[in-house]
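Structure first, commentary second.
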Amino acid sequence: MFMSQVVEKPFPNIDRALVIVGSDLRGSIYGIYDLCEQMGVSPWYWWADVPVKKSKGVWALPVKKIQTSPSVNANYASGQYGPGFNHYFYPRVFELLLRLRANYFWPAMWSSMFGVDDTANQAIADAYGIVMGSSHTEPMMRATNEWSTFGKQYGGNGQWEFDTNNASLREFFKYGAQRAKPYGGNSLFTMAMRGSGDTALTLTQDQAITVLQNVVATQRDVLSKVFNGSRVQDIPQMWCLYKEVQGYYEGGMTVPDDITLLWADDNWGNIRRLPVGNETNRVGGAGVYYHVDYVGDPRDYKWINTIQLQKTLEQMQLALGRGADRIWILNVGDLKALEIPINHFLDLAYDATKWPYDSVPSWLKQWAAREFGPEYSDDISSVVDRYGMYAARRKYELIDATTYSVLNYNEADAVLAQWDDLAGDAQEVHDQLDDAYKPAYYEMVLHPVLAGQVVNQIYVGAAKNKLYALQRRNKANEVADDVLEYFKKDHALTKRYHDLLGGKWDHMLDQTHLGYDLSWHGPLYRGYWQQPMRNTLPPLTYTQDLETSLAGNIGVAVEGSNASIAGDDAWHPNSGNTLVLPPMDPYGPKTRWIDIFARGTSGCAWNVTPVVPYVVATPSTGFTGGNNGTDTRVYINIDWSKASSPLNNTVVNINITSSCGTSWGNFKAPIVQVPVSNLAVPPNFTGFVESDKHIAIEAEHTSRNTLVNGVSYTTLPSYGRTLSGVTLMPVLAKTQTVEAGPVLEYDIWTFTPTPLANVTLLLSPSLNQNGPSRPLKYAITFDSDAPIVRQFVSNYTGGDMPKGWNQAVADGVWGFASGNSTRTTHDLSKGGKHTLRVWALEPGVVFQRILVDLGGGVRGSYLGPPESFRVGVDTVGAFDGTNFAGVQVGDVL
């Protein structure tokens, strides 16, 4: 902690002075850097090139400021600073840590040996007041590479196995303690051990527990002897419960009470477990090891920032509530490109009470004002906030051409429209900034936005190219060319980053990120286990430009169907000639679409003619192909003032004729059908209405939300994949019951009676942080039916993960492909009004969306259908049905 105050005559010959007093070395440094930040020096002035603000003068107000103690007690380097990570490089890191009010550091484990690469490193850390440690798998202040480099000199069999080589390992541990002894006040020792190279021990759990308890006893004895005169319990130590190590702890392994237990996330930002019961009373307390970068299952993510700050905030508030506040350590991989999540995480750690669940927009606004000026803070915070949601939907390394649907719900186009809007907004801010601020803005804001946009354009383009090639569209070639241009742009964006400021950040962002195999270790595995060795494009297909096309010169495809009147036998006497659009009603999308496209070299005039006047086609005529026209998207909408009422699934034909048809003899003219329903809900109903045999609900849009005995639900804005999350509060709430717990209620109206209505909840991929006795559960029912209780996270321990975890973290939700653990079946045999009730039975359950399928009504997509129409909130006729977090999709082909 520190205090700053203007003092009269603090020293002889000094009339007045601003005095900064710290409780220790770091407290004083924090006070100095706090003053620097107030004067206009960003913590990122060097690492992110934020210009230092200049002013005509600096004045200290006559007030006392007291800052209490914190809430929580690679290639680039070699190219810029010489071989290894040395004492020229680390001061840059240490200064940044202190300016961000951090004090604990684990050096990179794979490519360095902190105490060996440069013997001045540890002394430099001590001078800066940085507490040094070593990673979860590197005990006693010794790097992984030290054993492979020096292990043989300790004799024995040379194996990293304590049960067979304990004498050698004892000496190895001893040297680490001796090397750290001169800096004992700034050392935190990692205890126990894992297997060689960050792997599990090759022992059964019982064997491992016995061996590791002997390891800890030996390490404690070494510390006691090396730090003679100090009580071993006064020497800071921690045990990281990472992967299988958590299983050893839960299997009965104990360590002395003064050792801090460092609980870990699943490497994807979901804390696996937190202190419960008497674990909260440990003298050593508890902490959290958290990731914003990772190498491992289900796939690496380490290129650029894909972190949603709202998720970090929600998880770390759980940690604080459970008393895991002694140590917070963040795995960041490359420091560059993760500036924002690093800053946010450390601000939470320093003063968690300042940043409640809805604080991310406020934090971003303050961050943007500090870095770029208050005049841009609203626009920049909006850009970064939206980016966090879009990037976290699915890590870039996991996106492929099948991720977003190009057929259903206009999903792919909606996602691209969001990225286009975001890129436009980000570029607009960039163009207004003074030149001095543009490098920092490009590094932290504009590059990730443009890079994310390009990745999505590449994969959506590849999906369209594949579909168009199967339809024999000429446009397949144009789309393939576009994808190639985006591929070049991806490289240009990286090169622009490398060229900033005369090459200051050359080799940053070198990580390959395009062309991951479909599977790491399965039958499709090809190449290096981490990432592709070169960026490569997804497969692309071209159609040949011939004088004659056996597929004809024109084709037709419709929304929601991968079938088309196209292909080698399209519009052929022996082929089918009917396509069916998704249904239309007043409570669904106001338009559906038909594509009329060129498949040959000759142009064709065409007409689209619905057989009833209330179905309208826009445009209804056109020319496609040849030199005078291109593909056309025809929108179908309903003039409800002319439609009779009621209509219920009345199939209306839409005829399509073409000037090219006469050349085919027995040619069958294509027919498109659209089912039309003109049904209405009673005027006194308020709630969600069925359309296309489904209802989609954003969890925050409740009809009622109750409070019971101080327990209620809170909305986490901009959390998750589409809009927000809803979770139980407070985090220390006991297990809830259906009878006595708060409930979320949603009034809905159905037209389709079915005894087999399926409801899928999309929930954040949280884990059983309350321990195995309190796994995450929810309950659900309609009307007065008996509630169904669903445990959607199966029990797990150690290095095991719950069933469906790989898919859940890849998708960013439990639900859909992660199994049926979030799907329940209900009897809605009677149409009309129903009330859907949902209960979170444990803190940590976060609802995002609810999907009610009334019989094949939920079509394949990544995000699910857009939210359904709400009577009393939406306006009939204005609802587009292509709305993802506020974006409406226009005329995109």
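A compact table of results
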{"item": "Check on THR722, surrounded by fewer than 17 Cβ atoms within 10 Å (Cβ to Cβ), out of contact with any Ser or Thr (no Cβ under 6 Å at 6 or more places or on another chain) and either in a loop (DSSP other than H, G, I, E, B) or of a type outside the set (S, T, N, Q) (or both)", "result": "no"}
{"item": "Number of the condition not met by ALA337 [criteria: (1) surrounded by 21 or more Cβ atoms within 10 Å (Cβ to Cβ); (2) at negative phi]", "result": "(2)"}
{"item": "Residues being closer than 22 Å to PRO361 by Cα, out of contact with any helix residue (DSSP H, G or I) (no Cβ under 8 Å at 6 or more places or on another chain) and not aliphatic (A, V, I, L, M) - total across the range 680-721", "result": "6"}
{"item": "Spans of strands (runs of 3 or more DSSP E) in the range 770-845 with at least 1 residues among the acidic types (Asp, Glu)", "result": "823-828"}
{"item": "Given (1) in contact with a strand residue (DSSP E or B) (Cβ under 9 Å, 6 or more places away or on another chain); (2) modelled with pLDDT of 85 or more; (3) of a type in the set (S, T, N, Q), number of the condition SER641 does not satisfy", "result": "(1)"}
{"item": "Whichever residue in the range 431-470 is among the small types (Gly, Ala, Ser) and closer than 18 Å to TYR301 by Cβ and, among such residues, is farthest from the chain's Cα centre (by Cα)", "result": "ALA451"}
{"item": "The range 599-624, residues that are closer than 12 Å to ILE656 by Cα, in a loop (DSSP other than H, G, I, E, B) and aliphatic (A, V, I, L, M)", "result": "VAL611"}
{"item": "Residue ID - farthest from TYR242 (Cα to Cα), chosen from residues in the range 85-110 that are more than 27 Å from the chain's Cα centre (by Cα) and among the hydroxyl-bearing types (Ser, Thr, Tyr)", "result": "TYR88"}
{"item": "Breaking point among (1) out of contact with any helix residue (DSSP H, G or I) (no Cβ under 7 Å at 6 or more places or on another chain); (2) modelled with pLDDT of 85 or more, for ASN103", "result": "(1)"}
{"item": "Criterion (within 25 Å of the chain's Cα centre (by Cα), farther than 30 Å from LYS336 by Cβ and not acidic (Asp, Glu)) met by exactly one of GLN246, GLN308", "result": "GLN246"}
{"item": "Check on PRO539, exposed (fewer than 14 other Cβ atoms within 10 Å of the Cβ), assigned to a loop (DSSP other than H, G, I, E, B) and either in contact with a helix residue (DSSP H, G or I) (Cβ under 8 Å, 6 or more places away or on another chain) or at pLDDT 95 or above (or both)", "result": "yes"}
{"item": "Total residues in the range 733-768, condition surrounded by 23 or more Cβ atoms within 10 Å (Cβ to Cβ) and in a loop (DSSP other than H, G, I, E, B)", "result": "6"}
{"item": "Residue that is nearest to PRO582 (Cα to Cα) [pool: residues in the range 622-659 that are among the small types (Gly, Ala, Ser) and surrounded by 14 or more Cβ atoms within 10 Å (Cβ to Cβ)]", "result": "ALA643"}
{"item": "Residue among LEU863, LEU854, LEU841 that alone is buried (at least 20 other Cβ atoms within 10 Å of the Cβ), at pLDDT 95 or above, over 20 Å from GLU698 (Cβ atoms) and not hydroxyl-bearing (Ser, Thr, Tyr)", "result": "LEU841"}
{"item": "Residue within the range 195-206 that is surrounded by 19 or more Cβ atoms within 10 Å (Cβ to Cβ) and not in a loop (DSSP other than H, G, I, E, B) present", "result": "no"}
{"item": "Search result, residues across the range 152-169 that are surrounded by fewer than 19 Cβ atoms within 10 Å (Cβ to Cβ) and either in a helix (DSSP H, G or I) or aromatic (Phe, Trp, Tyr) (or both)", "result": "LYS152, GLN153, TYR154, ASP163, THR164, ASN165, ASN166, ALA167"}
{"item": "Looking only at the range 382-411, and only at residues there that are small (Gly, Ala, Ser) and out of contact with any Pro (no Cβ under 6 Å at 6 or more places or on another chain), the one that is surrounded by the most Cβ atoms within 10 Å (Cβ to Cβ)", "result": "GLY388"}
{"item": "Residue check for VAL455: touching a helix residue (DSSP H, G or I) at 6+ places or on another chain (Cβ under 9 Å), under 26 Å from GLY600 (Cα atoms) and in a helix (DSSP H, G or I)", "result": "no"}
{"item": "Residues of the range 293-303 classified as surrounded by 22 or more Cβ atoms within 10 Å (Cβ to Cβ) and among the aliphatic types (A, V, I, L, M), total", "result": "0"}
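A quick yes/no check of all residues on (1) of a type in the set (Ser, Thr, Tyr); (2) crowded, with 17+ Cβ neighbours inside 10 Å; (3) modelled with pLDDT of 80 or more; (4) within 30 Å of PRO439 (Cβ to Cβ):
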{"residue": "TYR486", "(1), (2), (3), (4)": "yes, yes, yes, yes"}
{"residue": "GLN531", "(1), (2), (3), (4)": "no, yes, yes, yes"}
{"residue": "THR543", "(1), (2), (3), (4)": "yes, yes, yes, no"}
{"residue": "GLU559", "(1), (2), (3), (4)": "no, yes, yes, no"}
{"residue": "ILE565", "(1), (2), (3), (4)": "no, yes, no, no"}
{"residue": "TRP571", "(1), (2), (3), (4)": "no, yes, no, no"}
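So that you can scan it fast, the table gives a plain yes or no per residue for (1) hydroxyl-bearing (Ser, Thr, Tyr); (2) farther than 25 Å from ALA808 by Cβ:
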residue: ASP234; (1), (2): no, yes
residue: GLN237; (1), (2): no, yes
residue: LEU241; (1), (2): no, no
residue: GLU244; (1), (2): no, no
residue: GLY247; (1), (2): no, no
residue: THR254; (1), (2): yes, yes
residue: ILE259; (1), (2): no, yes
residue: TRP263; (1), (2): no, no
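The values are calculated or read from the model by the stated rules, or taken from the named source; none is laboratory data. Everything numeric in this text was worked out from a predicted model, so none of it was measured. Virtual Cβ from ideal backbone geometry, glycine too; neighbours counted across all protein chains shown.
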